[in-house]
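First up is the structure itself, then whatever we jot down about it.
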Amino acid sequence: NPDRVLPNGAKAIGRLVGHPAGWATYLADSEPTGFTENLLPATASAERIGDGTLVLLGNDPAKVRIDDVLAVRAAMGYEVPAR
């Protein structure tokens, strides 16, 4: 859930709902959400490892676009905020 501004002008910090995503995201087969690989962004690669899937976004963990991370979250079956 994204941050939001309160009526008094203060900011309420958002919270993460579900499994986090980032440069490297491991999704165990036992995860309660679905995973739709064709929703991944072009920068993503997905590889089966053990009992799950490892999703990597590009080659540099310091240069990951937030839109790509949100696309991974969408592929995981989570609702993502409109940008």
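A search for C-beta distances below 8 Å between a residue of the range 60-71 that is under 10 Å from residue 21 (Cα atoms) and any residue that is assigned to a helix (DSSP H, G or I) and open to solvent by 70 Å² or more (accessible area, probe 1.4 Å), counting only pairs 6+ apart in sequence or on different chains, returns 71/39.
Pick from the range 4-16 the residues that are in a loop (DSSP other than H, G, I, E, B) and exposed (fewer than 10 other Cβ atoms within 10 Å of the Cβ): which of them is farthest from the chain's Cα centre (by Cα)? If you could, list the steps in order and put the result at the bottom.
Filtering the range 4-16 down to residues in a loop (DSSP other than H, G, I, E, B) leaves 6-10, 13-16.
Now restrict to residues that are exposed (fewer than 10 other Cβ atoms within 10 Å of the Cβ): 6-10, 13, 15.
Details: 6: 26, 7: 30, 8: 31, 9: 29, 10: 27, 13: 18, 15: 13 Å.
Per the criteria, the residue is 8.
Considering only residues that are among the charged types (D, E, K, R) and out of contact with any strand residue (DSSP E or B) (no Cβ under 8 Å at 6 or more places or on another chain), which ones fall in the range 66-83? Before you say what the answer is, go through the steps one by one.
Let us first name the residues in the range 66-83 that are among the charged types (D, E, K, R), namely 67-68, 73, 79, 83.
Within the range 66-83, 67, 73, 79, 83 qualify.
Restricting to the range 19-52, count the residues that are of a type outside the set (S, T, N, Q), open to solvent by 60 Å² or more (accessible area, probe 1.4 Å) and not in a loop (DSSP other than H, G, I, E, B).
Going residue by residue through the range 19-52, those that are of a type outside the set (S, T, N, Q) are 19-24, 26-29, 31-32, 34-35, 37, 39-42, 44, 46-52.
Subset that is open to solvent by 60 Å² or more (accessible area, probe 1.4 Å): 20, 23, 26, 29, 32, 35, 37, 39, 42, 47-51.
After this cut, where a residue has to be not in a loop (DSSP other than H, G, I, E, B) as well, the list is 26, 37, 39, 47-49.
Residues meeting the conditions: 6.
In the range 1-29, the residues that are closer than 23 Å to residue 75 by Cβ form Cβ pairs under 8 Å with partners that are among the basic types (Lys, Arg) and assigned to a strand (DSSP E or B), at six or more places apart or across chains, as follows: 14/4.
Just checking, how many residues over the range 30-52 are touching a Leu at 6+ places or on another chain (Cβ under 6 Å), within 10 Å of residue 76 (Cβ to Cβ) and either modelled with pLDDT of 90 or more or not hydrophobic (A, V, I, L, M, F, W, C) (or both)?
0
Does the range 53-62 contain any residue that is surrounded by 11 or more Cβ atoms within 10 Å (Cβ to Cβ) and part of a loop (DSSP other than H, G, I, E, B)? There is at least one residue in the range 53-62 that is surrounded by 11 or more Cβ atoms within 10 Å (Cβ to Cβ) and part of a loop (DSSP other than H, G, I, E, B).
The values are calculated or read from the model by the stated rules, or taken from the named source; none is laboratory data. Since this is a predicted model, take the numbers as computed values, not measurements. Glycine also receives a Cβ, built like all others from the backbone with ideal geometry; neighbour counts cover every protein chain displayed. In case anyone asks, the SASA skips ligands and DNA or RNA and just uses the protein heavy atoms, side chains included. Shrake-Rupley method; radii C 1.70, N 1.55, O 1.52, S 1.80 Å.
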